[in-house]
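The values are calculated or read from the model by the stated rules, or taken from the named source; none is laboratory data. The structure displayed is predicted, hence computed values, not measured ones. FYI the Cβ positions are ideal-geometry reconstructions off the backbone, even for glycines, and counts take in every protein chain you see. Keep in mind that these areas ignore ligands, DNA and RNA; they rest on the heavy atoms of the full protein, side chains included. Shrake-Rupley method; radii C 1.70, N 1.55, O 1.52, S 1.80 Å.
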Amino acid sequence: MSTDPVAESFAAPSATPHLRQQLVVLYLASSTLDSSVVGWTRYDGTGRSRPTTGDSDDPPYATGLDALLDGWRLLQMSQLLPHAKSDEYDVAYLPYEFLFERLVDTSPSVE
Amino acid sequence: MNVDRKHLLASVEMAHFVSHGSLVLESAVPESLNARAISVLDAGMDRHPYGTALDTAFPQGTFVRELLDLPAVAGAIQSLVGPRPVIDHHAVHVRPPRGGEAQNLHADAVLDPRVDAFDVQLMYYPKAVTLEQGGTLSVPGTHLRRINESGIGRYQNLAGQTRLTCPAGTVVLLHHAIWHSGRRNDSDQPRYMFKIRFNPTVRQLRLWNTDDIDDPAVRAALTTTFPWSAGPEGRLELINRARLWRSLTGDADFDIDYYLTRAQLRPQTVDSAATDSRLGGGRTADGWAMA
């Protein structure tokens, strides 16, 4: 019987079976982490909630720094990319995206 | 459509549309029409190819034509896209009670690079819409940004977004590129919306009632700022609004603040103050230039 070593390796049990990620994506007014939050998105890896489009009018934090102060860990901030020539005034996707995570214990004792 | 000047939009209302990308005509439709709407929408609507003339898609005597011929509705549409627009497409959207998932935030169709023309989407709500019913979410001022339909799906909430609630008979007119989505219906009532997209067939130049074109309120409306575009992005929004207002008014010198004007400053005259004689200069300059 042939086995797929990749599938087999990835089927190994997690070393942290009760930990799940929660993610917050914050869109800030500028590239500085302490500028104000202008957009926000949440993903709940615990499955306990399903955040969705248009579910809140108030941001979870006033600034990106406030998320750090509350224990969220910053994973990525957007690069500052040069403007394409002749398109300097064009606007597109929100440029100042910051991705945060925290790990949540989902073991039954903390339910 | 050809409507009386008194039913056309004013310049201040057009400026509001240019800054917000939307115009709300609250309770514009009488209850008698709203009461008939539900059965018409439940029965479904024949589809027509893109570019179908209004008279062909919705001839006189049909419910939809009656809706579009309401003076306030006809006046607003003519002001935005001109007389005789064609039907791009139309659709009936009924979100059932406890209905499904919210749409991801999106703009309709593919990335649309036009800066000097736009389509208008009419959304008609025959019944009142409550917050719980999950009315249309839209984000004022997003219509001038270059995004490709649901590429913005990751944005769940933006500061200053509008979660529409409205009385029965409300008509909302949207710039085709505004960011929007249908929200989840968490109520026990179905939510009804009927949409038509109009393409202009004439240049969108001063089609509204321009009697108030010099009213300071026009500039005030054009300079509206939105919480989601705080910071440096906000200035770029003003520049793009000025571009659109130039196109709509034919005024090539219009500006908001001194942004487009400054960027166009590229004088070509070689002054006598140029010190290299090979440029024809080297003479004593007038004014305060250095001798």
Members of the range A:37-58 that are open to solvent by 50 Å² or more (accessible area, probe 1.4 Å) and closer than 25 Å to A:V91 by Cα: A:R42, A:D57, A:D58
Whichever residue in the range B:214-235 is over 17 Å from the mean Cα position of the chain (by Cα) and in a loop (DSSP other than H, G, I, E, B) and, among such residues, is surrounded by the fewest Cβ atoms within 10 Å (Cβ to Cβ): B:D214
Subset of the range A:90-105 that is over 15 Å from A:G39 (Cβ atoms) and at pLDDT 95 or above - its residue that is farthest from the other protein chains (Cβ to nearest Cβ): A:D105
Filter result for the condition that a residue is open to solvent by less than 30 Å² (accessible area, probe 1.4 Å) and among the aliphatic types (A, V, I, L, M), over B:L207, B:L260, B:L279, B:L265: B:L260
Residues within the range B:236-252 that are under 22 Å from B:A10 (Cβ atoms) and open to solvent by 30 Å² or more (accessible area, probe 1.4 Å), tallied: 4
Filtered residues of the range B:106-141 (kept if closer than 17 Å to B:N157 by Cβ and in contact with a Lys or Arg (Cβ under 8 Å, 6 or more places away or on another chain)): B:L131, B:G134, B:G135, B:T136, B:L137
Flag if B:F63 is more than 14 Å from every other protein chain (Cβ to nearest Cβ), farther than 30 Å from B:S247 by Cα and of a type in the set (F, W, Y): yes
Number of positions in the range B:218-258 that are closer than 15 Å to B:T142 by Cα and of a type in the set (S, T, Y): 4
Criterion violated by B:S32 - all others in (1) touching a residue at least 40 places away in the same chain (Cβ under 8 Å); (2) surrounded by fewer than 19 Cβ atoms within 10 Å (Cβ to Cβ); (3) closer than 17 Å to B:P126 by Cα satisfied: (1)
Only one of B:Q156, B:Q161 that is touching a helix residue (DSSP H, G or I) at 6+ places or on another chain (Cβ under 8 Å), facing chain A (nearest Cβ under 10 Å) and among the polar types (S, T, N, Q): B:Q161
Pairs with Cβ under 6 Å, 6+ apart, first in the range B:243-269 and at positive phi, second exposed (fewer than 12 other Cβ atoms within 10 Å of the Cβ): B:G250/B:L205
Residue pairs meeting the criteria (Cβ under 8 Å; at least 6 apart or on separate chains; first closer than 10 Å to B:V171 by Cβ and open to solvent by less than 20 Å² (accessible area, probe 1.4 Å), in the range B:63-83; second assigned to a helix (DSSP H, G or I) and at pLDDT below 95): B:L68/B:L54
